[in-house]
Amino acid sequence: MFPLVDLRRFFWLIVPILWCCQTSLSELRVRVRLEDGQIAEETLQADSERDCITLEFRKTDGTFVTYLADFKQSVKIFRVLILGELERGQSQFQALCFITQLQSNEIIPSESMAKLRQKNPHTVRQAEEMRKIENLQMDVAVNFTKALQLSPHVHNICAEAKEAIYTRQDDVRAWLEKGIDGSMFEVLPQSSSLPALPTCKVCSREWKPCICSYRLGLEWIPCSLKYCKNRDSSGRTTTYKCGIRSCQKSYSFHFYVTQKQLCLWDEET
């Protein structure tokens with residue numbers, strides 16, 4: 001038998017490898033500085049055939065983050081794999097998935113992403129634009145078995161988070177207008193309707209339900225294309241793509257959990 005610590009290291013090594021091998025993608029690796037000052041490597045993969053972009057990185061505490069932009073369905077998916085605190089009764093890891101609508105100005109198209117190349121791979125990149133943090137009330141649970149309607153990528157990315165897939169009521173209303181089956185959604189308890197429901201940060205009992213918060217930062221995203229102007233031989237002005245603009249974007253997700261035991265990281269924030 002392998003020691004538990006070795007199994008955990010093996011798990012975090014194999015996760016990104018398995019994901020990369022699912023399909024042939026063009027890949028870009030970018031070194032970035034995280035909020036804690038440590039250096040991490042983002043892996044950005046573009047699949048122009050399936051029209052999607054995946055961004056992955058591992059935080060210094062071992063947390064593995066996946067962000068996927070599905071342009072065909074106009075959906076973005078965040079998956080977080082968090083190492084569990086075994087000494088406090090948690091499982092080996094905890095998985096969360098957040099699904100929301102993809103906006104047009106969040107990331108460049110997959111075909112443009114596929115053309116990017118890394119000139120100086122050892123340089124630590126810093127985003128040109130710092131976008132404000134987005135607070136998201138993830139007040140709806142998503143049924144994993146029916147979520148394929150939202151995006152064909154949900155079953156690949158959120159398989160480990162079957163009981164912890166969240167979205168917002170605003171997104172649900174938009175999807176229902178498009179004909180998505182409403183039976184996959186379940187509105188969760190909220191502090192506004194249940195005054196006795198505290199945030200997990202101040203909740204004193206580990207087995208009591210509460211509102212959990214998770215902050216996630218994407219330090220470097222190719223968020224838009226740059227266009228330059230030129231004059232042709234007739235003197236007419238033309239525009240052409242001449243680069244990208246990079247952005248930093250943070251999200252703060254707030255969602256219901258049945259017990260504080262499922263939100264122990266909130267004690268540290």
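The values are calculated or read from the model by the stated rules, or taken from the named source; none is laboratory data. This structure is a prediction, so every number in the text was calculated from the model and none was measured. As a convention, Cβ positions derive from the backbone with ideal geometry for all residues, glycine included, and neighbour counts pool all protein chains shown. Just the protein is used for accessible areas: all its heavy atoms, side chains included, with ligands, DNA and RNA removed. Shrake-Rupley method; radii C 1.70, N 1.55, O 1.52, S 1.80 Å.
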Where Gly37 falls short, out of the listed (1) in a strand (DSSP E or B); (2) closer than 20 Å to Ser252 by Cα: (1)
Qualifying residues in the range 5-30 (those that are open to solvent by 80 Å² or more (accessible area, probe 1.4 Å) and at pLDDT 90 or above) - the one farthest from Asp70 (Cα to Cα): Arg29
Single residue of the range 214-261 satisfying the filter (touching a Gly at 6+ places or on another chain (Cβ under 9 Å) and among the hydrophobic types (A, V, I, L, M, F, W, C)) that is surrounded by the most Cβ atoms within 10 Å (Cβ to Cβ): Leu225
The range 183-195 - residue that is outside any strand (DSSP E or B) and over 13 Å from Tyr256 (Cα atoms) and, of those, most open to solvent (accessible area, probe 1.4 Å): Pro195
Unmet criterion (only one of (1) more than 30 Å from Cys52 (Cα to Cα); (2) assigned to a strand (DSSP E or B)) for Arg245: (1)
Search result, residues across the range 130-147 that are open to solvent by 90 Å² or more (accessible area, probe 1.4 Å) and of a type outside the set (Lys, Arg): Met130, Asn135, Gln137, Thr145
Matching residues, the range 148-182, being in a loop (DSSP other than H, G, I, E, B), under 30 Å from Gly84 (Cβ atoms) and either open to solvent by 20 Å² or more (accessible area, probe 1.4 Å) or out of contact with any helix residue (DSSP H, G or I) (no Cβ under 9 Å at 6 or more places or on another chain) (or both): Pro152, His153, Lys162, Glu163, Arg168
Yes/no for Ala127 being open to solvent by less than 70 Å² (accessible area, probe 1.4 Å) and more than 17 Å from the chain's Cα centre (by Cα): yes
